[in-house]
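Each value in this text was obtained by applying a stated rule to the coordinates, not by laboratory testing. The structure presented is a predicted model; accordingly, all values stated were derived computationally and were not measured. Cβ coordinates were reconstructed from backbone atoms using ideal geometry, including for glycine residues, and neighbour counts include every protein chain displayed.
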């Protein structure tokens, strides 16, 4: 008998799958690096169990799915040697300073209990992270750091020569970003505030209440808008720091003098254009991080097969339902390779 999908039966099958698996995610990922690689900072370790990345000024960090951290690259200050443990939930890689002709940097990690640990740059007395268990986000700048508390306030520490480690008062902040000498914060109402070194205007964000993400570089800053477009401010004498057009961006990153953006299709764009600094091709990236001269991206890798994952995106959600629904009346004898006829899990097709 010819195998033809009937709408009611197909819907019942997929709805049952989605009820069991919706919002289930089955991927961590592998890491790719590009750009400057003087210290090996753009050469990440092998593996596909990474869930977060952070690129600093010559070193890199990655958070694994088991809650541990790995580091690589420049390590003269110990910044690429993270502490042991499996209870970390976020990472940040900061800048590097020259002390007695030795380059040293710093790194941060947020633990599952809401506390912060810091390593690297041991000589800088003011690099003492705050104590407590009520922190929800961290950001590492050139030689200062920020943390966001659960009550929506911000704490800063480190070099404060330009006020970059002295955040504004308030309890309505939802995101933070630390640049080389300036800082940014996103407020609950969608507006941005900046402070610190502002010679090029990098700490003077545009007006508006439609921003959803922020990033701080050396002399420039970025913001992602609710409509998926990107705005920048700060140094831009020759226009090379003008972000690309479009409304399909979902993440941004800035460090040093370059910027990255992740598109909704999983591809990456970078600017300004530089030889040897072009991002890798592909549409399977889920996170980006910009270092001083190098960049990192987290590449989606399915860890195991999910029932009902018809579009191979490592999760089961209504996009799979839409795929099945669009093929309700496909004749599987004539189109045996159609995804609706040959689901990954070999779903039972009614006779």
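Before moving on, here are some points about what is shown:
- Footprinting exposure proxy for 274, 255 (fewest neighbouring C-beta atoms within 10 Å first): 274, 255
- Bins of 10 Å, starting at 0 and running to the largest distance - Cα pair percent for the stretch 129-277: 12, 42, 34, 11, 1
- Ordering of 220-226, 111-117, 52-58 by packing is 52-58, 220-226, 111-117, highest average first (other Cβ atoms within 10 Å, averaged per residue).
- Here the stretch 43-85 and the stretch 188-262 have alpha carbon centers that stand 26 Å from each other.
- Intensity falloff of the stretch 168-221 expressed as log10 I(q)/I(0), Debye formula with alpha-carbon point scatterers, at q = 0.18, 0.22, 0.23, 0.31 Å⁻¹: -0.50, -0.73, -0.80, -1.27
- Projected onto their three principal axes, the Cα atoms of the stretch 27-302 cover extents of 42, 42, 37 Å, largest first.
- Cα-derived Rg over Rh, computed across the stretch 217-295 with Rh taken as Kirkwood radius: 0.93
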